[in-house]
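A.B. asks: This structure is in structure tokens; I'll ask about it shortly.
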Amino acid sequence: MLSRKIIIPVLFLLFITPYAFCQSEVFKPVINNLALYKKKKDLKYLGAAKKSIDSLFTTRADSSDLKKIVYRIVVNSSILYIDSLNTLKQPDILLDQTVKWMDKISLSKKINRYRDEMDFSNDCIANVYIRKGFAYMYTSDFSNAEKAFIKAQEYAPSFKQLNFYIAYSNNKLGNLKDAAKYYDNLISTDSTKAEYIETVSNIYKSIGDTAKALEALQKGRRRLPDDKLLLLDQANIYNNQKNYIALAPLLNTLIANYPNNADIAFVAANCYDHLGLYDKAEPLYLHAIDLNSAAYDPVLNLGVLYFKEGLIKKGNDQQKYISQATQLLETANEISPNDARSLEVLQLVYEKTQNKNQLMNVTNKLKELNN
């Protein structure tokens, strides 16, 4: 099954000026500069806002003032997010400092007073880490990319797409179990995508956990029941497991989606054949042969089916089925002369029809192949 190309989109956040702050004279320069930035989109106003808020930290007491710290975090996170090229020449430690303050005040009992401001800052910081993660991905540094996306998730836990970025990084690093865990989180959401489901299924199959792969596909198909590739992947697992009872309910939809696919026609025929539904198996074997007359297995299987039918029929019907079986099995042997399966069934056919010359030829051929 062809895998779909994984596309990693860039997350865009809307900048919103934090008007929720109570106005006071000491904070007016900060508020006004933030408002001017929103209106004119000129970075100099963010730089001015930073100078204003930094000027308020002159004593040790200022460093414990929750409101001042929140202002500083809002300004810093805005700059970190918006000024991605660092036009304002901020120090490299600005991100670490801002995150340290955010983590510290998040433990304060009074922080809920500033929930809107902190939510805004969290989104900005999360986006900064996402941007860093993309930069690492660009250079194939998936180890640091994963770390950046995990940090982003700390500040934007509800942004489910981060599970994909982390899963993708782990997949590239070969950490398949960790990748599968994050993909599992994705496919449990209503906004899941087929490529996530296919990827986690393929990961589980690659580490030998077919049960988990099947569980992922079943979960995904409940959310995306019309996806043809997910249906095909699920059917392939059942077919490989020879779980024909589970495969049978999928066949009508599978055939409808792939009406001219010889392999799928054969899989369906083979399933019905194993379930003893010969009336359904026969036309599908014929359809598979019509689509690809050089394919060995459908010719062989149909020959075997006719031989089985011939063994239970009487009179002219028996002769008809045995004759059809003989023709098909001989054709199968022509397609793949060194495959013992057709020869083994031909032995039984020639014994049944008492064709001693052909029986001798087939027996000798089998001896050659077995030596």
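The values are calculated or read from the model by the stated rules, or taken from the named source; none is laboratory data. Everything numeric in this text was worked out from a predicted model, so none of it was measured. All Cβ positions, even for glycine, are placed from backbone atoms using ideal geometry, and neighbour counts span all protein chains on display. Please note that ligands, DNA and RNA were not included when accessible areas were found on the heavy atoms of the full protein model with its side chains. Shrake-Rupley method; radii C 1.70, N 1.55, O 1.52, S 1.80 Å.
A.B. asks: Kindly evaluate Ser78 against the criterion of being at pLDDT 90 or above and of a type in the set (Ser, Thr, Tyr). Don't jump to the end; show me each part of the working.
C.D. replies: Details: at pLDDT 90 or above: yes; of a type in the set (Ser, Thr, Tyr): yes.
Yes: the conditions hold for Ser78.
A.B. asks: Shifting gears a bit: With the structure loaded, tell me whether Ala248 is touching a helix residue (DSSP H, G or I) at 6+ places or on another chain (Cβ under 7 Å), in contact (Cβ under 8 Å) with a residue 24 or more places away in the chain and over 30 Å from Asn175 (Cα atoms) or whether it fails that test.
C.D. replies: Spelling it out, Ala248 is indeed touching a helix residue (DSSP H, G or I) at 6+ places or on another chain (Cβ under 7 Å), in contact (Cβ under 8 Å) with a residue 24 or more places away in the chain and over 30 Å from Asn175 (Cα atoms).
A.B. asks: Please work out if Glu146 is part of a helix (DSSP H, G or I) and open to solvent by 60 Å² or more (accessible area, probe 1.4 Å).
C.D. replies: no
A.B. asks: While we're on this one: Going through region 334-358 one residue at a time, which ones are open to solvent by 40 Å² or more (accessible area, probe 1.4 Å) and either touching a residue at least 12 places away in the same chain (Cβ under 8 Å) or more than 20 Å from Leu311 (Cα to Cα) (or both)? Can you show your working first?
C.D. replies: Taking region 334-358 first, the residues open to solvent by 40 Å² or more (accessible area, probe 1.4 Å) are 334-335, 337-338, 341, 344, 347-348, 351-358.
Result: Glu334, Ile335, Pro337, Asn338, Arg341, Glu344, Gln347, Leu348, Lys352, Thr353, Asn357, Gln358.
A.B. asks: Confirm whether Asp119 is modelled with pLDDT of 90 or more, among the acidic types (Asp, Glu) and out of contact with any strand residue (DSSP E or B) (no Cβ under 6 Å at 6 or more places or on another chain).
C.D. replies: No; evaluated as a whole, the condition is false for this residue.
A.B. asks: On the given criteria, is Asp226 at pLDDT below 95, among the charged types (D, E, K, R) and open to solvent by 60 Å² or more (accessible area, probe 1.4 Å)?
C.D. replies: In short, yes.
A.B. asks: Could you list, in sequence order, the residues of region 98-113 that are within 14 Å of Val128 (Cα to Cα) and either without any contact (Cβ under 8 Å) to a residue 24 or more places away in the chain or assigned to a loop (DSSP other than H, G, I, E, B) (or both)?
C.D. replies: none
Yes/no matrix, rows are residues, columns are (1) under 28 Å from Ile166 (Cα atoms); (2) surrounded by 12 or more Cβ atoms within 10 Å (Cβ to Cβ):
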| site | (1), (2) |
| --- | --- |
| Leu34 | no, yes |
| Ala48 | no, yes |
| Thr59 | no, no |
| Ser64 | no, no |
| Leu80 | yes, yes |
| Leu85 | yes, no |
| Leu94 | yes, yes |
| Leu107 | yes, no |
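A.B. asks: Now for a separate question. Here is a list: Leu176, Leu162. Which entry is under 21 Å from Asp123 (Cβ atoms), aliphatic (A, V, I, L, M) and out of contact with any Asp or Glu (no Cβ under 7 Å at 6 or more places or on another chain)? Can you show your working first?
C.D. replies: Values: Leu176 fails: under 21 Å from Asp123 (Cβ atoms).
That would be Leu162, the only listed residue that is under 21 Å from Asp123 (Cβ atoms), aliphatic (A, V, I, L, M) and out of contact with any Asp or Glu (no Cβ under 7 Å at 6 or more places or on another chain).
A.B. asks: Also, I was wondering about something else. If you take the residues of region 265-283 that are without any contact (Cβ under 8 Å) to a residue 24 or more places away in the chain and either part of a helix (DSSP H, G or I) or in contact with a Leu (Cβ under 6 Å, 6 or more places away or on another chain) (or both), which of them is nearest to Gly303 (Cα to Cα)?
C.D. replies: Glu282
A.B. asks: Scanning region 114-133 for residues that are open to solvent by 40 Å² or more (accessible area, probe 1.4 Å) and touching a residue at least 12 places away in the same chain (Cβ under 8 Å), which turns out nearest to Val99 (Cα to Cα)? Walk me through it before giving the result.
C.D. replies: Of all residues in region 114-133, those open to solvent by 40 Å² or more (accessible area, probe 1.4 Å) come to 115-116, 119, 123, 131-132.
When the remaining residues are screened for being touching a residue at least 12 places away in the same chain (Cβ under 8 Å), the result is 116, 123, 131-132.
Numbers: Asp116: 17, Asp123: 12, Arg131: 16, Lys132: 15 Å.
Ranking the candidates gives Asp123 first.
A.B. asks: Tally up the residues in region 359-371 that are charged (D, E, K, R) and surrounded by 12 or more Cβ atoms within 10 Å (Cβ to Cβ), please.
C.D. replies: Counting residues in region 359-371 that are charged (D, E, K, R) and surrounded by 12 or more Cβ atoms within 10 Å (Cβ to Cβ) gives 1.
A.B. asks: Any residue at all in region 16-27 that's out of contact with any Pro (no Cβ under 6 Å at 6 or more places or on another chain), modelled with pLDDT of 85 or more, surrounded by 15 or more Cβ atoms within 10 Å (Cβ to Cβ) and in a helix (DSSP H, G or I)?
C.D. replies: no
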